[in-house]
Amino acid sequence: MRVGIVGAGSIAFGVACLLEQMGHQVMLWSPSGERTKELATGKALTASGAITGEFHPKVAAGAAELVDSVEVVVVALPGYGHKFAFDAIAPHVRADQTVIISSHASFGALYLSRELAAHDVTATIIAWGTTVVAGRQKGQAEVNVSTVRKKVDIATVPHARSTEGMALCEKLFDDRFVDRGSLMAIAVSNLNPQNHMGIALCNLTRMERGETWSQGQNVTPKVGRLLEQLDEERLAIAAALGQDVRTIFQHFHLSFHVPLASISQMNQAMHEAGNGGQGPTTADSRYVLEDVPFGLVATAKLGRLVGKPAALHESGIQIFSALYGRDFVGENDLLAALDMDAMSLDDLRRLSRDGYGLPA
């Protein structure tokens, strides 16, 4: 299949390599154009780690060229770039196309559904609870893929197209997907925000000093305990919503292939196996700039909506806002555009199931 990817970071590059490895044709579009300059000259994209080899994705000059050239669009940008990406592609998406959001944040699928409906289009939107790959970009034409996940939670909007959505994901990326049945489940499936909060908060001086440090090794017993308690808040919200989601223990077990144990012990095992990853070397990391406004803020809003306040999540938002001198709640442009504060729980459930599709 012909697949277009919006983005040119580590996830976009990793997904491009995986798709080409699976036999699909790939085109990349970088909104800034900076990270695809070398690829645009014909230079190969080199992958190491869990995927190895040289790959040759095409490069689009703009959103229109990308969308017009493909059957499927994958949005692989940090959450703070999602609204811009959705606004750019929405005028060009056709009803016979599918948009995959990797990974979904802050009910972005609803925002995209609403924008497509404004153009009289009801396209299939697939939201992933996490990315299918993890890794680090090593240059403008090089990526290290640390893992290809065995399981990825997904949901399709509108829900009536779930069977087709699952079949498409399997055709593109093989049998590694779990249909969680509702966008509400995906909204509480992404563990990155809570995990990155604990890791960044407890290692912030390392990030600020630009140190090189092992992430897995530094999920010490006390840091691991914080991550476990953050997960309890998320699971309580999921239960109140009637959603069955993966626990933090299952996440590390399935994503990084380590035996079930405490979160600290699992991270130490990852470190010893050589796939514990490197922690951020800058305070301006997506662990904070993406995951606080587009992850923690959304989870906290859901907690208040269902009567399960997430005290640790709420505290994390305020602490990071104080540390960075920023209003991370106000930086979430997706929730603001959706006016989520004005929605009832029933409204949110209905939209998460059906989207803003056109009347039958």
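The values are calculated or read from the model by the stated rules, or taken from the named source; none is laboratory data. Just so we're clear, the structure is a prediction, and the values are computed from it rather than from any experiment. Cβ atoms come from the backbone with ideal geometry, glycine included; neighbour counts cover every protein chain shown. Heavy atoms of the whole protein, side chains included, go into the accessibility calculation; ligands, DNA and RNA do not. Shrake-Rupley method; radii C 1.70, N 1.55, O 1.52, S 1.80 Å.
Scan the stretch 104-120 residue by residue and report those that are free of Cβ contacts under 8 Å to residues at least 40 places away in the same chain and either part of a loop (DSSP other than H, G, I, E, B) or buried (at least 17 other Cβ atoms within 10 Å of the Cβ) (or both). Correct list: LEU112, GLU115, HIS119.
Once the stretch 1-56 is narrowed to residues that are surrounded by 19 or more Cβ atoms within 10 Å (Cβ to Cβ) and without any contact (Cβ under 8 Å) to a residue 40 or more places away in the chain, the residue that is nearest to the chain's Cα centre (by Cα) is ALA8. So GLU232 clears everything in (1) at pLDDT 95 or above; (2) outside any helix (DSSP H, G or I); (3) not hydroxyl-bearing (Ser, Thr, Tyr) except one condition, right? Which one? Failed condition: (2). Taking into account only those residues within the stretch 281-310 that are part of a loop (DSSP other than H, G, I, E, B) and not small (Gly, Ala, Ser), which is surrounded by the most Cβ atoms within 10 Å (Cβ to Cβ)? Per the criteria, the residue is GLU290. Against the conditions (1) closer than 20 Å to THR130 by Cα; (2) loosely packed, with under 14 Cβ neighbours inside 10 Å, ASP327 satisfies every one except (1).
Yes/no matrix, rows are residues, columns are (1) touching a strand residue (DSSP E or B) at 6+ places or on another chain (Cβ under 7 Å); (2) part of a helix (DSSP H, G or I); (3) without any contact (Cβ under 8 Å) to a residue 12 or more places away in the chain; (4) open to solvent by 30 Å² or more (accessible area, probe 1.4 Å):
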residue	(1), (2), (3), (4)
ASN144	yes, no, no, yes
LEU168	yes, yes, no, no
VAL178	yes, no, no, yes
GLU208	no, yes, no, yes
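Here GLN215 fits the description: modelled with pLDDT of 95 or more, in contact with a strand residue (DSSP E or B) (Cβ under 8 Å, 6 or more places away or on another chain), open to solvent by less than 70 Å² (accessible area, probe 1.4 Å) and not hydrophobic (A, V, I, L, M, F, W, C). Listed by first and then second residue, the pairs with beta-carbon distance under 8 Å, at least 6 apart or on different chains, first residue in the stretch 58-86 and under 23 Å from THR41 (Cβ atoms) and open to solvent by less than 20 Å² (accessible area, probe 1.4 Å), second of a type in the set (Ser, Thr, Tyr) and assigned to a helix (DSSP H, G or I), are ALA60/SER69. Within the stretch 59-103, being of a type in the set (A, V, I, L, M, F, W, C) and assigned to a loop (DSSP other than H, G, I, E, B) holds for ALA60, ALA61, VAL70, ALA76, LEU77, ALA90, VAL93, ALA95. Quick one: would you say THR163 is polar (S, T, N, Q) and assigned to a helix (DSSP H, G or I)? Considered against the rule, which asks whether it is polar (S, T, N, Q) and assigned to a helix (DSSP H, G or I), THR163 comes out as yes. For the stretch 262-280, residues that are open to solvent by 20 Å² or more (accessible area, probe 1.4 Å) and part of a helix (DSSP H, G or I) total 5. Here the condition is being farther than 22 Å from LYS151 by Cα and in contact with a helix residue (DSSP H, G or I) (Cβ under 9 Å, 6 or more places away or on another chain); of PHE256, PHE294, PHE252, it holds for PHE294 alone. The residue that is farthest from LEU351 (Cα to Cα), among those in the stretch 149-169 that are at pLDDT 95 or above and of a type in the set (Val, Ile, Thr), is THR163.
If the condition is being of a type in the set (Gly, Ala, Ser) and modelled with pLDDT of 95 or more, then the stretch 239-269 contributes ALA239, ALA240, ALA261, SER262, SER264, ALA269. Within the stretch 131-142, being out of contact with any Leu (no Cβ under 9 Å at 6 or more places or on another chain), part of a strand (DSSP E or B), of a type outside the set (Gly, Ala, Ser) and under 25 Å from GLN250 (Cβ atoms) holds for one residue alone: ARG136.
Per-residue answers, yes or no, for (1) farther than 30 Å from ALA44 by Cα; (2) open to solvent by 10 Å² or more (accessible area, probe 1.4 Å):
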site: SER162; (1), (2): yes, yes
site: LYS171; (1), (2): no, yes
site: ALA200; (1), (2): yes, no
site: THR205; (1), (2): yes, yes
